[in-house]
Amino acid sequence: MSTKTIKQRIALVAVSALTAGLFSVVSAPASNAAAGTSTEGGVNVAASGATTNPKITKYNTLFIASMPSVTGSGVALATSTQVPEYTSSGTTAPATASAKSLGLVNVSDIAGGLTAGTTQTAVLLSSGRLSVYAAVDASAAAAYQAITVSGGTLTTTGTAVNSTATTAVGGAASGAFSWGALIAPSSGVTSMVVRLYTGFTSESTATTAPTTGTLSGQITVTVAAASTANAISATNSAVYGAVSATDQAQTRDATASEGYLASRTYGTSIFFNVRVLDAYGTAINAGTAGILQVTATNGALVSVHGSSAPAGTTSTAYLSTATPDDAMVSVAAPGSAPVSTTVTVSFNGTVIGTRSVVFTGEVAKITLSSPVIGTLGTSAGNSVGYKLADAAGNAIYSTIGSTAITNYTISALIGDGSLPTAIGAIVRDTAPSIDANGVIAASDVLFTCPAAAASGTVALTYTNPSGTIVKSNVQNVKCAGSALGYTASWDKASYIPGDIAKLTVSFKDSKGNAANDVDAIATTLPVVSIGGLDKTVTGPTTSDVPDQGSVVYTYTVGSTTGTFSGTVKFATVDARYAAATGLTAPAVTATITVKESTASVSNADVLKSIVALIASINKQIQALQKLILKR
């Protein structure tokens, strides 16, 4: 049940507790409720198909008689000096089965259970009669109880009824004492509220001032003109994603972390739990066998079943049943090709729900991209990113959540050794994976660089379980030495105040090649000291990594105009240069020019514009004179 629904029910019951006869609540699914036992305290019995009444397992508790009357009138619980079913085993106390309600559609509580407390709800036909009962511990000092109703009238098996037939009193017998009341809704009402007050020491007080007692039970009753019980409710019925073929009684989709995914690989199944409920959340019982039908588009295979899971062999499956609620559906791909399918579930022609799912197929494409410039003499850090996809373009992962996908074993991905290249062998680094929250982990392979700067190509192959082999695109890669020097440049010749300025620092190795993207460029904080800048947007850090030999920093340009020069210093690279050459690294400077955002206009510019305007006017006058002379 949704949090929103629960909050709405709480609010409605709270209102009815303050103002008699106001709104009632729609009952919760009976499937959510636990059956009562003699050790569980006060628990009602679901109305649908009830063959017993709730046991009196607690004193001072208001119970609803769920057993239906077949005589056309309700029956109040027969008075007893022993509490039925509350006494020890072997007693001959009369059963609570003597009480019967007429036209009772549903019983619940605001939490979706069957607790017989102060948050009970019920649905009753306007022509019906609600039978309720309670038990008094007459050995206690306060041995009287009162049952009240707003929006209705009552009769009782108790000891007294007030003049308006809205309060009944019971109690004061020797030993335990059970009694009941039969309540009829007033003409035209849409709701009524029934309450149990306890703790009275006299019958008179209980009759004339019932609200001075302790509120021990409350039932908010919806009075319906006609019953929608056992009619399929589109609001309450649905098809929910399930974890397995036995994952029944769902009230929502299972989550990815729980194990439900709307996309799975070929060769596996996706499961759904079918809930077929009426407006009161009660499971549908058609009386005679009906047809629960499941269809899937695009050739996907389906089966419909109870808790067992037969493999589907066709795109349409049927289950003959009078009780379709909690049936399970299994869906699978017909082969190793990708399939997107829509599954539709209906009962006796009424659509319960549709769900769309995807089955990924065999690996059909490998895409290599984003290579780094590798470092010399090793494969460490020399990465190339890759992605796997099926023939429909669906992304493929070797691990989903914490589960390894056997159809996509990453060991089947290897380097293509047929390429003529100076680049060494390819080794797998990280596999394509996605966690339960949908976060995708980047996947890459590593290539081995020779001892000297070089360039070449790399590629991958993947062998599917069926034996088909897929080749990737051929990706160009480079290998270079560590950064020994660098330059800095701006993205524009000049800026105006408020501009975003980009400073690109390009690193070179000893041969003048773009330096590799692997070896450190900063183990201490780099310093960019240039005037004319208001704010660093993205500035240097010790964890910066070059991309194709460069890093880019961004700044907000200040309001002061002029030309500003400053220095850019990467101490790690400077130290490496000094160690390699025995010389001090040359200083790297950068100059930025900031101009006025609105340029000034000189007198010469104004005069030039005036002259041009006069010339234009003279031309127009001459053209007009020629036109007049022609006429």
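Each reported figure results from applying straightforward, stated rules to the coordinates on display, with no laboratory input. Since this is a predicted model, take the numbers as computed values, not measurements. Glycine gets a Cβ as well: all are built from the backbone with ideal geometry, and neighbour counts include every protein chain shown.
Structural remarks
- Based on C-alpha pairs under 8 angstrom that are at least 6 apart in sequence, the stretch 485-594 has a relative contact order of 34 percent.
- The modelled label-to-label distance for the pair T523/K630, using points 7 Å beyond Cα in the direction of Cβ, is 8.7 nm.
- Structure-based [θ]222 nm, the chain - -39500 (n - 2.57) summed over DSSP H runs of at least 4, per residue, nearest 500: -3000 deg cm²/dmol
- Relative contact order (percent, whole number), the stretch 209-269, Cα cutoff 8 Å, 6+ residue spacing: 21
- Distance-filtered residues of the stretch 444-475 - backbone nitrogen under 11 Å, label point 7 angstrom along K511 Cα→Cβ: 450-456
- Grouping the Cα pair distances of the stretch 510-590 into 10 Å bins from zero gives a pair-distance distribution of 16, 45, 29, 10, 0 percent in increasing distance order.
- Prolate/oblate/rounded call for the stretch 175-256, Cα gyration tensor, a/c under 1.5 rounded: prolate
- The Kirkwood hydrodynamic radius of the stretch 111-252, based on inverse pair distances between different Cα atoms, is 16.9 Å.
- Here, the stretch 226-306 yields an orientationally averaged convex hull projection of 6.6 nm² when only Cα atoms define the hull.
- 31 Å Cα-Cα threshold exceeded, pairs from K387/K492; K502/K608; K511/K569; K478/K502; K365/K478; K511/K595: K387/K492; K502/K608; K511/K595
- More than 24 Å apart - percent of Cα-Cα pairs taken over the stretch 365-480: 26
- The stretch 272-356 shape via C-alpha gyration tensor axes, a/c threshold 1.5: prolate
- Order of E203, E258, E596, E362 - criterion: other Cβ atoms within 10 Å of each residue's Cβ, fewest first: E596, E258, E203, E362
- Under 5 Å, built H, 5+ apart or other chain: amide partners of L533: G558
- Calculated SAXS-style log₁₀ I(q)/I(0) at q = 0.05, 0.09, 0.11 Å⁻¹ - the chain, Debye, Cα scatterers: -0.52, -0.86, -1.03
- Pairwise FRET efficiency - T406 versus A493, Cβ, R0 = 51 Å, nearest 0.05: 0.30
- For the stretch 528-534, the Karplus equation 6.51 cos²θ - 1.76 cosθ + 1.60, evaluated at θ = phi - 60°, returns couplings of 10, 10, 9, x, x, 10, 7 Hz by residue, with Gly and Pro reported as x.
- You can think of it this way: the chain between T155 and V552 has 134.3 nm of extra reach, that is 0.36 nm per residue less the Cα-Cα gap.
- Contact order normalised by residue count of the chain, Cα under 8 Å, 6+ apart, percent: 8
- Residue by residue, the stretch 462-473 carries 3J(HN,Hα) couplings of 9, 10, 6, x, 6, x, 5, 10, 10, 10, 7, 5 Hz when phi is fed to the Karplus relation 6.51 cos²θ - 1.76 cosθ + 1.60 (θ = phi - 60°); x denotes Gly or Pro.
- Enclosing the Cα atoms of the stretch 466-606 in their convex hull gives a volume equal to 212 cubic angstrom per residue.
- Using θ = phi - 60° in the Karplus curve 6.51 cos²θ - 1.76 cosθ + 1.60, the 3J(HN,Hα) couplings for the stretch 391-399 round to 5, 8, x, 5, 5, 10, 10, 7, 9 Hz; x is entered for Gly and Pro.
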